[in-house]
Amino acid sequence: MDQLHIAKSLFDFGIVIVVWLAQTIMYPSFEHIEEQSFVAWHRTYSRRIAFFVIPLLCGQAIIVGILVYYDACFLTVLSAALISACWASTFGLSVPCHAQLQRGGKDLQVMRKLVWTNLIRTLLWTAVFVIGVWQQYRPWS
């Protein structure tokens, strides 16, 4: 079970790095892409970032599912619930912003909405990471 918790912590850490980079560097940088090249740039960005994000999300979901099945303690279930909220936020808020940018091109209002909707994911995934570290290294273990 310890190896699964360590693996989950690694996936959690990878996701936290990506969402904080997106929140502080990548998404705010969208405003600086030239309007005429924005759609092509966004398409390339989306494909390339997916190469990193999809394995992290899927790996985390699989591992937390296994942990919930075999070790359904409060912190594991809380982590799973927060990850579910992250996925809901991703597909309910952020993916529609990306789709709108891809269809309509550079739109400052949509880009700013993307930064704000990503803040939800950033905070939730940071909480998942902190919970996982706490669960793995808590002093009373």
Name the helices (runs of 4 or more DSSP H) wholly within region 33-141 that hold at least 3 residues that are at pLDDT 95 or above and among the aromatic types (Phe, Trp, Tyr)?
-> 38-70, 108-137
Taking region 61-72 and the residues there that are touching a residue at least 24 places away in the same chain (Cβ under 8 Å) and not charged (D, E, K, R), the one that is nearest to ALA22 (Cα to Cα) would be ALA61
Based on what the data block shows, is GLN23 within 26 Å of LYS106 (Cα to Cα), surrounded by 16 or more Cβ atoms within 10 Å (Cβ to Cβ) and at pLDDT 95 or above?
-> yes
Give me the pairs, please: first residue somewhere in region 1-24 and over 14 Å from CYS58 (Cα atoms), second residue anywhere and outside any helix (DSSP H, G or I) and not aromatic (Phe, Trp, Tyr), beta-carbon distance under 7 Å, and either six or more positions apart or on two chains.
-> MET1/ASP71
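Give the residue that is farthest from TRP125 (Cα to Cα), with candidates limited to residues of region 42-60 that are aromatic (Phe, Trp, Tyr) and touching a residue at least 12 places away in the same chain (Cβ under 8 Å). Break it down into steps so the answer makes sense when it comes.
Just the residues of region 42-60 that are aromatic (Phe, Trp, Tyr), to begin with: 45, 51-52.
Right, trim to touching a residue at least 12 places away in the same chain (Cβ under 8 Å) and you get 45, 52.
Working: TYR45: 21, PHE52: 16 Å.
Applying the filter and picking the extreme gives TYR45.
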Since GLY14 meets every condition but one in (1) within 18 Å of the chain's Cα centre (by Cα); (2) loosely packed, with under 15 Cβ neighbours inside 10 Å; (3) over 18 Å from VAL115 (Cα atoms), which condition does it not meet?
-> (2)
Name, by its number, the condition in (1) exposed (fewer than 14 other Cβ atoms within 10 Å of the Cβ); (2) in contact with a Pro (Cβ under 7 Å, 6 or more places away or on another chain) that does not hold for GLY65.
-> (2)
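The values are calculated or read from the model by the stated rules, or taken from the named source; none is laboratory data. Small disclaimer: the values here were computed from a predicted structure and weren't measured. Methodologically, a virtual Cβ is constructed for each residue, glycine included, from the backbone with ideal geometry; neighbour enumeration extends over all protein chains shown.
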